[in-house]
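Reviewing the structure listed below.
The values are calculated or read from the model by the stated rules, or taken from the named source; none is laboratory data. In this text, all values refer to a predicted model and were calculated from it rather than measured experimentally. Positions of Cβ are generated from backbone atoms using ideal geometry, with glycine treated the same way; all protein chains shown enter the neighbour counts.
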Amino acid sequence: IQGWGVNQDGKTNGITAPNAESQKALIQDVYDKYHIDPNSIQLIEAHGTGTKLGDPIEIEGLTESFKKYTQNKHYCALGSVKSNIGHCLTAAGMSGFIKLMLALQHKKLPPTIHFEKLNEHIGLDNTPFYVNSKLQHWDLNGAEKRQAAVSSFGFSGTNAHVVVAEYVNVDAREPSSVITQNGKFIIPLSAKNNEQLQQKAADLLKFIQANEPINFLNLAYTLQVGRDAMEERLGFLVSSVDQLASKISAYIKGEKDIEDVYQGQVKSNKAGMSIISQDDDMRETIINKWINTNRLSKVLDLWVKGLEFDWSKLYGTIKPQRITLPNYPFAKERYWIDAVETIHVKSAVASPEVFHPLLHSRTSDLIDQGYSSSFSGSSELIVSDAGSKNKLQRISLPTYPFAKVRCWIQSAPQQNYKIEVSADKKLKLVKNLESIEDIINKIDDESIETNQAVKLLKTLA
């Protein structure tokens, strides 16, 4: 982030339209405060509301801002992520910022899609800007680095402007000396097993093909010092990225006896490597001799068999840079917990008393004794016939003769009972069991409003 700033329109139209003067003041303040030369900005991610009123005002603000610093024409691309994903409200500025990060990462100028005709109120002929309507490579054109800016403003009249640039190492000096074998570098790869080793090679090949150009020396150094050496090992002795890609492709296809490609397994070579591993002096003498005579193929041959090697020996005081490369391709394995037999233990704590299928809970208080039950119109009740308490029958609530219900609560006081006639009807309070059947018959399939229910209850009471 090279510089940033925010301001407020103040007493203007605010929510209905942006303010060009406020945006101009903000942008120039950012450039002056952080010593930014607008000539070096090759891409502007505009707020781009897509309106006849808003867009011309924003372009006016940008044009007037740049006039103070440059008279160059049509060197800065204009775009808006709204053509891709629409309006994001409070995330509008952040979505534009993410778009710039991706543009810098891929070194591409992204197009403003769906652009067909310029707003009739916008003139770009004498401005530094042009609308970028196609994907194109982001050339430096003499600049030291790729630099861009994002503008965004909110409904409240708030304006924001941020300038970003790609990272360029200020100490990107070439290494003072590098040990090679006829210009060839060691490219080491390793994994836990052969399957993951093949996947790791495939991931590296895909990365190489998608990220040209790549600094070959930095790639080799990163794989040498930035990755753990594992059980299965694979090594390439190559002089360029293209040569590496070709040999990886041949390895993935299963070709045998590929020139300058070495593969080995630590465990299977443990016995043969034991002599060198146990004698540090002998190992160092042999390795140093091979390095001094540029015989890296010997070093690589032992490394794939399990040799622990200090890769810094191949470089002088100034080391290459580490770069971003694909991570380890972890195996996709499933780890489900084995099912165990569930043992049901009877709780020592007594469960809440259930009086009867028709009496769901006790609602007694210090003044009145009562019970509460809730049913729906489709509820099924398991009740006993009045003549035989041991004989059970399944009945449906709306069709059950409620005269049989009374036999279950002869010992219970005639208190208020609650019944939910159906899932889409309100709870009703009734005075006694005889009136339950009356309410169901009267309600039928029609809903009763609260005040009507009160009147009905009063009538029944």
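If you check Ala172, Ala201 for being hydrophobic (A, V, I, L, M, F, W, C), farther than 22 Å from Asn292 by Cα, modelled with pLDDT of 95 or more and not assigned by the TED database to the domain that holds Met101, only one passes: Ala201.
Here the range 181-227 is the region considered, the condition is being of a type in the set (D, E, K, R) and under 30 Å from the mean Cα position of the chain (by Cα), and the residue that is surrounded by the fewest Cβ atoms within 10 Å (Cβ to Cβ) is Glu212.
So in the range 70-93, with the set limited to residues that are assigned to a helix (DSSP H, G or I) and touching a residue at least 12 places away in the same chain (Cβ under 8 Å), which one is surrounded by the fewest Cβ atoms within 10 Å (Cβ to Cβ)? If we take residues in the range 70-93 being assigned to a helix (DSSP H, G or I) and touching a residue at least 12 places away in the same chain (Cβ under 8 Å), then Thr90 is surrounded by the fewest Cβ atoms within 10 Å (Cβ to Cβ).
The rows are residues; the columns are (1) acidic (Asp, Glu); (2) crowded, with 18+ Cβ neighbours inside 10 Å; (3) out of contact with any Leu (no Cβ under 8 Å at 6 or more places or on another chain).
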position: Ala229; (1), (2), (3): no, no, yes
position: Val238; (1), (2), (3): no, yes, no
position: Gln243; (1), (2), (3): no, no, yes
position: Lys247; (1), (2), (3): no, yes, yes
position: Glu255; (1), (2), (3): yes, no, yes
position: Asn269; (1), (2), (3): no, no, yes
position: Ile275; (1), (2), (3): no, no, yes
position: Met282; (1), (2), (3): no, no, yes
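Among the residues of the range 28-69, the one identified as crowded, with 20+ Cβ neighbours inside 10 Å, in contact with a Gly (Cβ under 9 Å, 6 or more places away or on another chain) and among the aromatic types (Phe, Trp, Tyr) is Tyr31. Please determine whether any residue of the range 106-119 is assigned to a loop (DSSP other than H, G, I, E, B), modelled with pLDDT under 85 and in contact with a Lys or Arg (Cβ under 8 Å, 6 or more places away or on another chain). Yes, that holds for at least one residue.
Applying a threshold of 7 Å to beta carbon distances and a minimum spacing of six or more residues, or different chains, the list of pairs starting in the range 40-62 at a residue that is basic (Lys, Arg) and ending at one that is surrounded by fewer than 21 Cβ atoms within 10 Å (Cβ to Cβ) reads Lys52/Asn119; Lys52/His121. Restricting the first member to the range 216-232 and to residues that are in the same structural domain as Gln265 (by the TED database), and the second to residues that are among the hydroxyl-bearing types (Ser, Thr, Tyr) and crowded, with 16+ Cβ neighbours inside 10 Å, the beta-carbon pairs closer than 8 Å and six or more apart or on different chains are Tyr221/Tyr315; Arg227/Ser190; Asp228/Ser190; Ala229/Ser190; Met230/Ser190; Glu231/Ser190; Glu232/Ser190. Considering (1) surrounded by fewer than 16 Cβ atoms within 10 Å (Cβ to Cβ); (2) free of Cβ contacts under 8 Å to residues at least 60 places away in the same chain, the lone condition that Ser156 does not fulfil carries the number (2). Please go through the range 1-50 and pick out each residue that is assigned to a helix (DSSP H, G or I) and either touching a Lys or Arg at 6+ places or on another chain (Cβ under 7 Å) or β-branched (Val, Ile, Thr) (or both). Correct list: Ile15, Thr16, Ile27, Gln28, Val30. Quick one: in the range 129-159, which of the residues that are under 25 Å from Leu118 (Cβ atoms) and small (Gly, Ala, Ser) is modelled with the lowest pLDDT? Ranking the candidates gives Ser133 first.
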